[in-house]
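Colleague: Please see the structure below; I have some questions.
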Amino acid sequence: MTSEPPPSISSAPTAAAATVPGEASLASESWTRFRSNRMAMAGLWIVGLMFAVAIFAPFIASNRPYYMVALKRSLAPAAAPAEPGKPEPPRTVVMTKVASFPLLHGLTKEDLRWLMYPAAGLAVWLFRRRLTARTGFIAVTAAVAIIEITVAQHKEVMDWTNYRAIAAQTKWMPPIPYGPLEQESPQYEPPGNTNWMGTDDLGRDILSRLIHATRISMTVGFVATSISITLGVLVGALAGYYRGWVDIGLSRVIEVMECFPTMFLILAVLAFLTPSLFTLMAVMGLTSWTGTARLVRGEFLRLSELPFALAARALGAGDRRIILGHILPNAMGPVLVAATFGIASAILVESSLSFLGMGVQPPTPTWGDMLSKARSGVISTWWLAVFPGIMIFISITAYNLVGQGIRDATDPRLRE
Amino acid sequence: MIPTLLGISLITFMVMKMMPGDPAVIKARMAAGGNMQEVPPETLERIRKTYGLDKSLGEQYVLWLGRMVTLDFGESLVDREPVTKRILERLPTSLQLSVGSLLLAYMISVPIGVMSAVKKDSFLDQATTFGLFVLYSLPGFWLATLALVFLCGGDYFKLFPSSGLSSMGAENLPFGSWVMDRIWHLALPLAVLTYPSLAALSRYSRSGMLEVIQQDYIRTARAKGLRENAVIFVHGLRNSLIPIITLLAFELPSLLGGSMIIETIFSISGMGELTLTSITSRDYTMIMGIFTISAFLTLAGFLLGDILYCVADPRIRLQ
């Protein structure tokens, strides 16, 4: 923390602060404190940048031009219909200009998902004040349905044209003119003017693969952590709120789960399942929720004794309402911290699994898989060892910085 | 203890039942050398009877419980050796790594924590905090790969061996040189395995020490004229250790998981390597054995943590 913001609620008045006084001011006060933490803000910017890279990956690195005008040779239509028995009259060759958008044309289903989900998320976020719990749920469901239908309708184009080699009148290539799966360059090419970060054992451009691999890490980090946090909050809230036998039973379950080293558990389960991104995320989420459950249980044990929870009960609020509406919002700080650190560790676990060859299967580019190439290579290839590792390091550091920032900003003990 | 053990047995049993394929068919194929396409029904019947697979789920679970308690996990599907024997062969190597790394981590991080607590907010404190945070975010398998590429031969430096735990013919060396050889081989794996836990441990040791320093008895110790070293190391240290001892138990699972990757990178034939090879060859009995034993080891770690807790703080008694 570099400097402390003035400890007043009025310093950050928001529209929501007027409607829901306690809650929103706590959040906005925390945000003010978070913003004054330069390291945490840097981490947040890096995370944002990584998501931007993941969303626009094909527009940054692809072997297809955005826009191309090529001269197409074709024969002019015959002047007169060919008469039977006579040779066809010679036709003239005409060059016509053909404009095309190969990049947009060749977007995959995955590209579409990556473009549409963040946009939908942003829209929901912008209109969050207008949405109630019910309309919000409907909006999110509708958005998911629309996106999935659009994606299902979309046809992927198999376009193996080498656009870099085509001489065209106008050709706007992306800044990195190599596709992540394209094996056009020489193998084990050290970093240079053509391949800025070199190429791997199959002659694929490292930089392009790094950019596209951002998607896997971001998805796995986000989805696996969402699963584990949901599960952890559920178990922890039930144990901490109802106490007694529920608590004893659930605590035992937590204890038992903690006896299995997470890596072993994940690998043992993955051994029986067909490897795919989805199973990977599900297994990771289902095996790493115990920490959150412990944390939330503790928070619920503490908070449900406090006057505000007792007051809600005295006013006749039901269990569901007290848990979701009163206690959970007050426990969100530590949960958010755990989630952010959880994303960092999920990225680490995913890349170690891919490194071991047990994660996302090739040829999908992942940082861990790319890093493992450095070990198996016959010749010393420092660029294979250095660049993917740097990406893993930067993303983990960014999330850890954000997590630390949130902890500093929400910890009541640090509040003046 | 007992309920946790029961829970472990239940989870392993469930995972075992999740496995694809009929275990009796797998067993029959294994007995026939792996080239039996159609297994005769009477053979299946016999196998089911011998291994209790014809019994109800409840009875099968009780059988599994009995085998688990006696550490009898059957034979490996690959080389038909007893699973327990294979694991016990590999266990010392992995324990060398994880116990060594645990000791190293505590030996380094406790002094760091104490130092940054005593010199709170000094440049040294901030520098170590920052340095440890960076180390914490460095993925271990990346550093290990870098070390392998840059320090273990290839086109760059050759300072450390790239694989194994001892040189060729190390058994014939005199004891002193043997130890040196082992340390030379262990240096990189241990270092890579240890540094990720340094940040958390020294943070906890720092905050523990900070809390202790503000106590009345520390002021009393200073007031009666003890030297600062005596105040910190005799009166302060022991009390500040209590919170980080509980961390010991939580370090163990991650160490076991971490050593799996490190063992693979440095080609050390321990439990981790065994796990990976048995997963790639779908050696289900071996996987179950390793899975259960690693849970037992973690449980033992929890127990050790409890015992040390009582040693450090006599006010707490084991029930």
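The values are calculated or read from the model by the stated rules, or taken from the named source; none is laboratory data. Remember, predicted model here, so these are calculated numbers, not experimental data. When we count neighbours, we look across all protein chains shown, and the Cβ atoms used for this are built from the backbone with ideal geometry, even at glycine. SASA here: full protein model, heavy atoms, side chains in, ligands and nucleic acids out. Shrake-Rupley method; radii C 1.70, N 1.55, O 1.52, S 1.80 Å.
Colleague: Within the range A:89-97, does at least one residue satisfy the condition of being of a type in the set (A, V, I, L, M, F, W, C), open to solvent by 50 Å² or more (accessible area, probe 1.4 Å) and touching a helix residue (DSSP H, G or I) at 6+ places or on another chain (Cβ under 7 Å)?
Modeller: no
Colleague: In the range A:264-286, which residues are away from chain B (no Cβ under 11 Å), crowded, with 19+ Cβ neighbours inside 10 Å and free of Cβ contacts under 8 Å to residues at least 40 places away in the same chain?
Modeller: The one that is away from chain B (no Cβ under 11 Å), crowded, with 19+ Cβ neighbours inside 10 Å and free of Cβ contacts under 8 Å to residues at least 40 places away in the same chain: A:283.
Colleague: In the set A:73, A:64, which member is under 30 Å from residue A:170 (Cα atoms), basic (Lys, Arg) and in a strand (DSSP E or B)?
Modeller: It is A:73.
Colleague: Next question, about the same structure. Anything in the range B:284-300 that is at the interface with chain A (Cβ under 9 Å from one of its Cβ atoms) and buried (at least 18 other Cβ atoms within 10 Å of the Cβ)? List them, or say none.
Modeller: If the condition is that a residue be at the interface with chain A (Cβ under 9 Å from one of its Cβ atoms) and buried (at least 18 other Cβ atoms within 10 Å of the Cβ), then B:284, B:287, B:288, B:290, B:291, B:294, B:295, B:297, B:298, B:299 are the ones that fit.
Colleague: One residue is enough: does the range A:224-236 have a residue meeting the conditions touching a Leu at 6+ places or on another chain (Cβ under 9 Å) and either part of a loop (DSSP other than H, G, I, E, B) or within 14 Å of chain B (Cβ to nearest Cβ) (or both)?
Modeller: No, every residue in the range A:224-236 fails to be touching a Leu at 6+ places or on another chain (Cβ under 9 Å) and either part of a loop (DSSP other than H, G, I, E, B) or within 14 Å of chain B (Cβ to nearest Cβ) (or both).
Colleague: Among the numbered criteria (1) in a helix (DSSP H, G or I); (2) away from every other protein chain (no Cβ under 14 Å), which single criterion is violated by residue A:394?
Modeller: (2)
Colleague: For residue A:110, work out the one condition from (1) loosely packed, with under 12 Cβ neighbours inside 10 Å; (2) within 19 Å of the chain's Cα centre (by Cα); (3) modelled with pLDDT under 90 it doesn't fulfil.
Modeller: In the conditions (1) loosely packed, with under 12 Cβ neighbours inside 10 Å; (2) within 19 Å of the chain's Cα centre (by Cα); (3) modelled with pLDDT under 90, residue A:110 misses (1) alone.
Colleague: Is it the case that residue A:257 is facing chain B (nearest Cβ under 7 Å) and open to solvent by 10 Å² or more (accessible area, probe 1.4 Å)?
Modeller: no
Every residue, every condition in (1) in contact with a Pro (Cβ under 7 Å, 6 or more places away or on another chain); (2) over 25 Å from residue A:216 (Cβ atoms); (3) touching a residue at least 60 places away in the same chain (Cβ under 8 Å); (4) outside any helix (DSSP H, G or I), yes or no:
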residue: A:296; (1), (2), (3), (4): no, yes, yes, no
residue: A:311; (1), (2), (3), (4): no, yes, no, no
residue: A:334; (1), (2), (3), (4): no, yes, yes, no
residue: A:338; (1), (2), (3), (4): no, no, yes, no
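Colleague: So which of B:100, B:131, B:113 is without any contact (Cβ under 8 Å) to a residue 40 or more places away in the chain, among the small types (Gly, Ala, Ser) and in a helix (DSSP H, G or I)?
Modeller: The match here is B:131.
Colleague: Ok, one more. Between residues in the range A:86-100 that are at pLDDT below 75 and residues that are in a strand (DSSP E or B) and open to solvent by 80 Å² or more (accessible area, probe 1.4 Å), which pairs lie under 7 Å by C-beta distance while being six or more apart or on different chains?
Modeller: A:91/A:75
Colleague: For the range A:163-186, how many residues are open to solvent by 30 Å² or more (accessible area, probe 1.4 Å), hydrophobic (A, V, I, L, M, F, W, C) and either touching a helix residue (DSSP H, G or I) at 6+ places or on another chain (Cβ under 8 Å) or more than 18 Å from residue A:70 (Cα to Cα) (or both)?
Modeller: 2
Colleague: Select from the range A:191-209 the residues that are open to solvent by 60 Å² or more (accessible area, probe 1.4 Å) and under 30 Å from the mean Cα position of the chain (by Cα) and list them in ascending order.
Modeller: A:194, A:196, A:202
Colleague: For the range B:218-257, give me each residue that is away from chain A (no Cβ under 14 Å) and open to solvent by 90 Å² or more (accessible area, probe 1.4 Å).
Modeller: B:219, B:222, B:224, B:227, B:229, B:233, B:234, B:238, listed by residue number.
Colleague: Give the residue, chosen from B:222, B:315, that is assigned to a helix (DSSP H, G or I) and farther than 30 Å from residue A:357 by Cα.
Modeller: Only one candidate qualifies: B:222.
Colleague: Something else now. Are any residues in the range B:267-283 surrounded by 24 or more Cβ atoms within 10 Å (Cβ to Cβ) and either more than 10 Å from chain A (Cβ to nearest Cβ) or at pLDDT below 80 (or both), and if so, which ones?
Modeller: Result: B:270, B:274.
Colleague: Restricting attention to the range A:345-400, which residues are of a type in the set (Asp, Glu) and open to solvent by 10 Å² or more (accessible area, probe 1.4 Å)?
Modeller: A:369 - this is the single residue of the range A:345-400 that is of a type in the set (Asp, Glu) and open to solvent by 10 Å² or more (accessible area, probe 1.4 Å).
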